[in-house]
Each structure stands twice: as C-alpha cells, then as structure tokens.
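The values are calculated or read from the model by the stated rules, or taken from the named source; none is laboratory data. Keep in mind it's a predicted model, so treat the numbers as computed, not measured. No Cβ is skipped: glycine too gets one built from the backbone with ideal geometry, and neighbour counts run over all protein chains shown.
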Amino acid sequence: MRSRGSGRSFSALPADMAAPVGRGVRKLLKLVDLTPVPRRHRYKKKWATTEPEFPSSRLALQNFDMIYSVQFGDLWPSIRVSLLSEQKYGALVNNFAAWDNVSAKLGQLSAQDFVSAAISHQDLEPESGLSPTPSPDCSPNLRCFTFSRGDVSRFPPARLGSLGLMDYYLMDAASLLPVLALGLQPGDTVLDLCAAPGGKTLALLQTGCCRHLAANDLSTSRTVRLQKVLHSYVPQEVRGRNRVRVTSWDGRKWGELEGDTYDRVLVDVPCTTDRHSLHEEENNIFQRSRKKERQMLPMLQAQLLAAGLLATKPGGHVVYSTCSLSHLQNEYVVQGAIDLLANQYNIKVQVEDLSHFRKLFMDTFCFFPSCQVGELVIPNLMANFGPMYFCKMHRLP
C-alpha cells in the first residue's frame with residue numbers, strides 16, 4: 001500500500017512508525033460506513049438555485065485571454081485593459097438636420113470632425129515637403145466629431161433639432177470606417193445586408209449618394225429598432241419614393257434573390273461583439289445555451305459575405321466588417337468566401353489595399369500593424385474605439 005503525496009510505502013517506514021500508521025488506517029476504515037445510501041435519501045445538488053451562475057461576461061474574458069493572448073502577443077494586455085474600460089464615442093452629424101449649427105455646437109465642446117480633419121491634413125502634406133499620399137476612395141459628406149486622444153469627455157445625449165429630427169447619432173466612431181471605405185458614388189444602388197440597429201445604415205444615407213438603399217436584417221425585433229432610427233433621423237421624403245427598403249430576410253439567400261444587382265454592398269455581420277460580450281449579460285453570445293451558435297459564427301459570416309458578393313454587380317465593391325478581434329471571424333472569413341466564389345461560381349474577387357486609408361485616420365484610431373487582409377482598429381486607452389475590422393473587396397468584371 002502506498003501513501004498518496006509522500007510516494008513511500010508503509011514497509012519503507014521505520015518499524016516503530018509502521019505499526020501505528022497501519023493500525024490508524026484500519027481503525028479509520030472501520031469507522032467509515034460504506035453501505036450504499038438508499039436512492040430516496042440521496043441529496044441531489046440543485047446548481048440553478050444554490051450556486052451563483054457563472055457570468056457570460058467572465059466566460060467571454062476567459063475565452064479572449066486564451067485566444068487573443070496568442071493572436072496579439074505583447075499587445076494583448078493593453079487591448080484587454082482598454083476593452084474593459086469605458087468606450088469612446090463619436091457624434092455622427094445628421095445632414096438632414098441643421099448640420100452647420102450642429103457642427104458649430106459640437107465644435108464648442110472642443111470636439112473635432114475627424115473625417116474633414118484627416119482629409120485637410122492630407123491635402124497639406126505636399127506643401128510640407130512630404131510625398132503626397134494617394135487619396136483613398138472615401139464615401140463623401142460624412143461628418144463625425146470625436147474628442148482628441150486621451151480626452152475622455154462624453155457627448156450629451158442627442159436631441160430633436162429645429163427641423164424635427166435628431167441632431168446627431170452617437171456611435172463608436174470606428175464603426176464609420178467601413179462606410180467610409182465603401183467609397184459611395186452619387187447614384188449608387190446600395191445593400192446593407194445586416195443593417196440593424198441602424199448606425200451604418202444611417203451613415204450610408206448621410207452620404208447623399210444612395211439612389212436606392214436596401215436595408216436588411218434577419219431579426220424582426222432588430223428591424224423595428226432600425227425603423228425607429230430612420231424615422232428619428234431621416235425625413236419622410238427620403239425614406240419614401242422607393243429610395244429606402246427595409247426587409248427581414250435571410251441574408252444568406254441574397255445572391256439568389258437579387259444577384260448582380262448592387263453597386264456597393266456592406267456586409268456588417270453578426271459576430272462575438274467583443275466589447276459588448278465583456279460588459280453586458282443580456283443577449284451575450286457567450287451564454288452557455290449559445291455555445292453552438294458561437295461555434296458556427298465563422299460559417300454564417302462566410303455565407304453572408306458570399307451572398308453579398310453575389311448580390312454585387314460585376315465591377316462593384318463590397319466591404320466586410322465585424323466588431324471582433326478574432327482573425328477566425330475576420331481574415332479567415334474573407335479568404336473563405338473568396339475561395340467559395342472562385343470554386344463554385346467561377347467569380348474572381350480582389351481584396352483592395354487599405355494601407356493608405358489606415359494612414360489617413362491614424363491620428364484618431366489605433367490600428368493593428370500586422371493585419372494580413374483588411375484593417376483592424378484595436379482599443380487603446382488613449383483612443384478607446386473599436387474593435388472594428390473592415391476589408392474592402394472588388395468583384396472583378
């Protein structure tokens with residue numbers, strides 16, 4: 001017989017110790033009642049009522065620590081602290097309201113329109129003796145105010161303006177980057193495949209370029225939220241006349257429903273919504289009951305992106321985006337969808353270089369320097385926006 005922990009047998013003990021130890025063990029065994037307890041007397045622990053439930057947000061953090069510490073290495077501790085800290089917001093000016101007055105009021109708060117500031121800075125570069133940077137193809141007319149790096153001031157809640165519409169829309173300013181990257185042109189037909197809750201849909205309309213905008217989301221409850229945003233910010237004459245169409249269809253089937261139809265398509269897919277998952281228990285995808293749904297996310301995302309590419313006209317453009325840091329939901333999904341279109345539909349898709357885009361907005365956002373495909377805004381305490389991944393693709397004619 002071996003004693004657990006010591007790794008020594010009783011026979012290896014000195015004679016004067018072996019006998020008492022042996023007698024002690026035998027005495028202890030006599031005291032233990034090994035008779036089976038009748039089933040009716042057994043106590044079954046009720047975990048749901050006697051134990052506190054393990055929070056989904058803590059499960060999300062454990063998951064992120066395990067995966068992102070490998071993916072980001074030395075950058076992860078900084079990203080982690082930022083994700084757990086208060087998020088910064090931007091104020092997207094409503095061009096359908098009295099935008100000039102709204103912009104002036106936001107400027108009085110010491111906030112700055114990061115879009116116009118970036119473009120103005122770029123225009124001044126040649127005069128400073130630096131080589132000019134090629135101008136990225138940005139969607140026009142978008143105005144979004146942010147506080148400078150390190151400034152944690154908050155915008156007051158938006159309110160109704162003189163024209164009966166809300167003055168501005170508060171959103172993560174990094175969420176505007178996929179819309180800017182889409183590069184809308186006047187008269188474009190546009191599809192927002194996963195549109196709710198509506199911030200990016202609103203931004204698309206703010207450009208003034210959409211001849212027709214289809215805004216879709218599978219969830220009818222989320223579509224209701226989208227409709228409320230549109231009614232609060234967009235005049236009836238813009239929402240009507242068949243210019244804006246809101247639907248609740250399965251986005252994965254869009255290639256069959258309206259193939260080769262749109263000039264520009266935004267595919268902002270459902271994802272692990274990393275920041276939300278760390279702060280909110282409601283609708284948290286890390287709930288134990290949603291484990292299978294979470295595991296299937298990359299497949300769903302690839303199907304949605306493939307459908308968005310199929311719905312695009314040959315020669316059109318698609319932007320894929322998530323608010324996740326996961327390369328499995330970002331770069332891998334992009335490559336998977338491109339391979340799917342090449343193999344099953346003989347359609348070629350080219351990823352566009354957005355490095356100039358990254359340089360344009362580096363004063364406002366912190367970008368991950370080692371993204372293989374697309375661009376990724378990573379949270380940083382000095383610029384706590386994101387995460388936001390976006391990748392622009394060109395469906396070749």
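Worth a mention:
- Unique match (being under 26 Å from ILE67 (Cβ atoms), at pLDDT 95 or above and polar (S, T, N, Q)) among THR273, THR312: THR273
- Residue among LEU205, LEU297, LEU266 that alone is in contact with a helix residue (DSSP H, G or I) (Cβ under 8 Å, 6 or more places away or on another chain), within 30 Å of ILE79 (Cβ to Cβ) and either surrounded by 18 or more Cβ atoms within 10 Å (Cβ to Cβ) or modelled with pLDDT of 95 or more (or both): LEU266
- Hey, GLN108 under 22 Å from THR273 (Cα atoms) and modelled with pLDDT of 95 or more or not: no
- Where a residue in segment 358-374 is farther than 17 Å from CYS323 by Cα and small (Gly, Ala, Ser) and its partner, wherever it lies, is modelled with pLDDT of 95 or more and buried (at least 19 other Cβ atoms within 10 Å of the Cβ), with Cβ under 8 Å and at least six apart: none
- Any hit, segment 85-94, residues being touching a His at 6+ places or on another chain (Cβ under 7 Å), under 24 Å from GLU280 (Cα atoms), modelled with pLDDT of 95 or more and not in a loop (DSSP other than H, G, I, E, B): no
- Taking the criterion of being crowded, with 20+ Cβ neighbours inside 10 Å and out of contact with any strand residue (DSSP E or B) (no Cβ under 6 Å at 6 or more places or on another chain), the residues of segment 271-283 that qualify are THR272, ASP274, ARG275, SER277.
- Residue match in segment 371-379 (condition: modelled with pLDDT under 95 and part of a loop (DSSP other than H, G, I, E, B)): yes
- Within segment 138-188, tally of residues that are among the polar types (S, T, N, Q), surrounded by 21 or more Cβ atoms within 10 Å (Cβ to Cβ) and under 26 Å from HIS394 (Cα atoms): 2
- All conditions but one from (1) without any contact (Cβ under 8 Å) to a residue 12 or more places away in the chain; (2) assigned to a strand (DSSP E or B) apply to GLU282; the one that does not is (2).
- Restricting segment 43-65 to residues that are among the hydrophobic types (A, V, I, L, M, F, W, C) and surrounded by 10 or more Cβ atoms within 10 Å (Cβ to Cβ), the residue that is modelled with the lowest pLDDT: PHE54
- Some residue of segment 11-20 being modelled with pLDDT of 50 or more and part of a helix (DSSP H, G or I): no
- Cβ pairs under 6 Å, 6+ apart, first in segment 159-187 and in contact (Cβ under 8 Å) with a residue 60 or more places away in the chain, second among the polar types (S, T, N, Q) and not in a loop (DSSP other than H, G, I, E, B): MET166/SER232; ALA173/THR146; PRO178/SER321
- In segment 222-236, the residues that are crowded, with 16+ Cβ neighbours inside 10 Å form Cβ pairs under 9 Å with partners that are at pLDDT below 95 and among the charged types (D, E, K, R), at six or more places apart or across chains, as follows: LEU230/ARG239.
- 2 or more residues at negative phi and β-branched (Val, Ile, Thr): qualifying helices (runs of 4 or more DSSP H) within segment 161-241: 220-233
- GLU256 meets each of the listed conditions (1) within 19 Å of PHE64 (Cβ to Cβ); (2) over 15 Å from the mean Cα position of the chain (by Cα) apart from (1).
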